């Protein structure tokens with residue numbers, strides 16, 4: 001008789017990390033081979049490289065001038081005939097990172113950034129994994145490989161050069177510091193996530209409702225420091241241009257006509273835009289309705305996460321997953337937050353059940369495989385597949401967070417407390433513990449206990 005449980009257990013222990021490792025090696029090998037061809041290719045990293053070129057050679061406020069960016073882009077990519085249409089919409093302080101990279105050639109700068117992204121993801125995983133109280137720290141290989149081979153991380157960030165590794169690292173550092181009871185520093189670590197303000201659309205309300213005062217103070221100080229760095233990077237005119245760019249992006253994301261490529265977005269606005277045939281106003285109305293349904297459940301989870309422990313980590317889990325869904329602008333690569341949330345959520349669930357629930361394992365498998373096995377003929381709805389998957393995962397996160405809040409840490413089964421009880425034989429030197437195990441004690445100590 002075939003023992004399928006044994007086979008499945010062996011696959012989970014050895015097969016899953018082997019498959020994830022093979023995906024990483026294959027995709028990275030393809031990426032390295034493409035850089036050795038000698039031909040300059042347009043990548044997701046290209047707009048950030050252009051920002052570095054502008055800061056090094058032109059007026060800094062020009063980094064928020066899309067026509068000027070397009071002209072510079074055609075100078076470094078002469079083989080591209082159409083408009084690049086990749087305006088820089090990140091905060092001014094982040095642009096300082098790309099100045100030294102722009103001193104290199106485009107392909108060398110891309111290779112350096114791919115390595116930096118890889119290291120940031122590794123560091124972020126290590127920060128979170130080592131700070132979680134219930135995670136099996138010796139069994140890190142499988143979750144580590146699954147994280148690195150997650151489609152938004154490997155395909156979009158490490159291979160194509162997107163910069164979501166920055167938000168992933170700072171968010172991971174914030175969680176690490178909070179677990180180390182350093183709330184003020186945790187708030188300062190959250191501040192750099194303002195490089196893309198949509199990352200904080202739910203995180204800031206979570207901090208307010210859960211009354212994390214020291215975290216908010218640290219966040220405020222971090223914001224002031226970043227404001228000074230922004231002024232240093234682009235000046236007042238550049239900061240004003242950045243504010244106008246955010247307004248243009250907001251109008252573009254919710255406009256009645258499609259400006260962004262909806263297939264690459266996982267938020268509810270993009271999802272309903274596909275369903276309604278591109279009507280932005282209807283999509284925004286449907287997305288707002290869905291968000292209004294979810295928000296009370298999130299508020300309940302946040303309100304009950306006012307103390308450290310599983311409830312607070314469960315709130316992180318639910319918040320990070322829903323951040324990429326209840327939003328107006330969430331490309332596929334923002335799914336790195338979902339990966340981070342799943343690591344934290346796995347710790348909460350493992351601590352409660354001493355194993356990961358089967359439903360959670362299937363949801364993780366679905367989210368992981370969606371990008372790799374989705375057929376090429378259906379790539380026009382690539383992001384919307386992730387939307388459905390993330391909604392299912394976020395619903396489970398809300399349910400798990402509610403259960404965790406209903407059962408505080410104090411209800412965990414504590415180890416037996418060794419108490420002694422009197423026994424009939426006064427000359428015996430044996431005491432009985434509460435767990436039924438006998439322990440030898442001296443007669444004097446036993447008589448002293450009985451007297452008390």
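The values are calculated or read from the model by the stated rules, or taken from the named source; none is laboratory data. Everything numeric in this text was worked out from a predicted model, so none of it was measured. We place every Cβ from the backbone using ideal geometry, glycine too, and count neighbours over all the protein chains shown.
Considering 116, 163, 128, 112, which residue is outside any helix (DSSP H, G or I) and out of contact with any strand residue (DSSP E or B) (no Cβ under 9 Å at 6 or more places or on another chain)?
When all the criteria are applied, what remains is 163.
Return the residue satisfying two criteria in turn: it lies in the stretch 140-179 and is under 13 Å from the mean Cα position of the chain (by Cα) and free of Cβ contacts under 8 Å to residues at least 40 places away in the same chain, and of such residues it is surrounded by the fewest Cβ atoms within 10 Å (Cβ to Cβ).
Within the stretch 140-179, the match that is surrounded by the fewest Cβ atoms within 10 Å (Cβ to Cβ) is 170.
Which of the residues spanning the stretch 239-262 are part of a helix (DSSP H, G or I) and modelled with pLDDT under 80?
Passing the criteria: 249, 250, 251, 252, 253, 254, 262.
Given (1) at pLDDT 90 or above; (2) within 20 Å of residue 94 (Cα to Cα), identify the lone condition not met by residue 26.
The failed condition is (2).
Report whether or not residue 321 is on the phi < 0 side of the Ramachandran plot and surrounded by 24 or more Cβ atoms within 10 Å (Cβ to Cβ).
Answer is yes for this residue.
Starting from residues that are within 26 Å of residue 204 (Cα to Cα) and either touching a strand residue (DSSP E or B) at 6+ places or on another chain (Cβ under 8 Å) or at pLDDT below 75 (or both), keep the ones in the stretch 272-308 and report whichever is surrounded by the fewest Cβ atoms within 10 Å (Cβ to Cβ).
Within the stretch 272-308, the match that is surrounded by the fewest Cβ atoms within 10 Å (Cβ to Cβ) is 307.
Restricting attention to the stretch 324-357, and to residues there that are farther than 20 Å from residue 144 by Cα and more than 19 Å from the chain's Cα centre (by Cα), which single residue is modelled with the lowest pLDDT?
353
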